[in-house]
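As structure tokens, the structure follows; a few thoughts come after it.
The values are calculated or read from the model by the stated rules, or taken from the named source; none is laboratory data. These figures come from a predicted structure and were not determined experimentally. Backbone-built Cβ (ideal geometry, glycine too); neighbour counts: all protein chains shown. All accessible areas refer to the heavy atoms of the entire protein, side chains included, with ligands and DNA or RNA removed. Shrake-Rupley method; radii C 1.70, N 1.55, O 1.52, S 1.80 Å.
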Amino acid sequence: IRDAVPWTVGLLGLTTLFSFAFGTFLGALLAWPGAPRWLRYLMPPLWALHAIPFFLLGLVLMYLFAFQFQILPIFGGYSAGATPALSFGFVLDVLHHAVLPALSIVLVSMGGWALAMRGMMVTTMGEDYVTFAEAKGLRSATIFTRYCIRNAILPQTTGLALALGQILSGAVLVEVVFGYPGIVALLFQAIEENDFFLIQGIVFTVIV
């Protein structure tokens, strides 16, 4: 468990924060009237991504970037035969292997964050304090950042903590598909081998 935890924390932590930040900002822009018009064409892809499971998108990405174009590795957390060490080469190798599993989680999560933020922004823009800010003649950028985003993002930050458990449950199959050496892949292996003590330890670690 001790060896698998850093891989899971690194993968899920970075992907969750990146998808939250990018998806939240994108959702705010989608609701803002002054945003570029081409952003409206992103709504159908975001709806589709939000409905696709992590592992299914991972299989599609694997087919495109590992089988067809062969630009990203298909399996493991680092290259076979590499010695784990705190070196620049090994870090690059780890990042190279983490692109596909991380991308499958980021794209799906980003769609959910963007759609949720767009809905909250639409509600926030109808509040009296936003109307009052517009009546005072404040700049559009000021109203967007200080009045709309700052109030609409509050439920998003609450959902960020709650989503960590959901992403962890969805990442089980992502780590299995990509053979990523995380704690959820270790849990899958323990279930296959009926290793009840390891299962109890992993479940306790995840709960904590």
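Observations, loosely collected:
- Computed E for VAL99/ARG139 - FRET, C-beta separation, R0 30 angstrom, nearest 0.05: 0.15
- The string of couplings for region 31-39 from the Karplus curve (6.51, -1.76, 1.60, θ = phi - 60°) is 8, 7, x, x, 6, x, 5, 5, 5 Hz, one whole number per residue in order, with x for Gly and Pro.
- Solvent exposure of the chain as accessible area per residue, Å², 1.4 Å probe: 58
- The convex hull around the C-alpha trace of region 63-143, projected and averaged over every direction, spans 9.2 square nanometres.
- Whole-Hz Karplus values for region 141-146 come out as 5, 5, 5, 5, 8, 8 Hz, taken residue by residue from phi with 6.51 cos²θ - 1.76 cosθ + 1.60 and θ = phi - 60°; glycine and proline positions read x.
- Entry note, the chain: relative contact order of 34 percent, from Cα contacts under 8 Å with a spacing of 6+ residues.
- Given their separation in residues at 0.36 nm each and the Cα-Cα distance between them, LEU162 and TRP47 gain 39.3 nm when the chain is fully extended.
- Geometric descriptor of the chain, per residue, is 151 Å³ (volume of the convex hull of the Cα atoms).
- Of the solvent-accessible surface of region 53-208, computed with a 1.4 Å probe and all protein chains present, 68% belongs to carbon and sulfur.
- Dividing the helix sum by the residues of the chain, where each DSSP H run of 4 or more adds -39500 (n - 2.57), gives a mean residue ellipticity at 222 nm of -23000 deg cm²/dmol.
- Within-12-Å neighbourhood charge of LEU30 [Cβ basis; K, R +1; D, E -1]: +3
- A simple rule links phi to the HN-Hα coupling: the Karplus curve 6.51 cos²θ - 1.76 cosθ + 1.60 with θ = phi - 60°, which for region 129-138 gives 5, 6, 4, 5, 5, 5, 5, 6, x, 5 Hz, with x for Gly and Pro.
- The listed residues ILE71, ILE143, once ranked by accessible area (1.4 Å probe) with the largest placed first, stand as ILE71, ILE143.
- Counting every alpha-carbon pair across region 38-89, the share separated by more than 19 Å comes to 53%.
- Global geometry of region 118-208, whether rounded, prolate or oblate, following the gyration tensor of its Cα atoms and the 1.5 cut on a/c: prolate
- Tilt relative to the chain, helix 196-207 - C-alpha long axis, 0 to 90 degrees, to 10: 20
- Extension reserve of the THR83-ASP195 stretch, reckoned as 0.36 nm per residue once the Cα distance is removed: 37.6 nm
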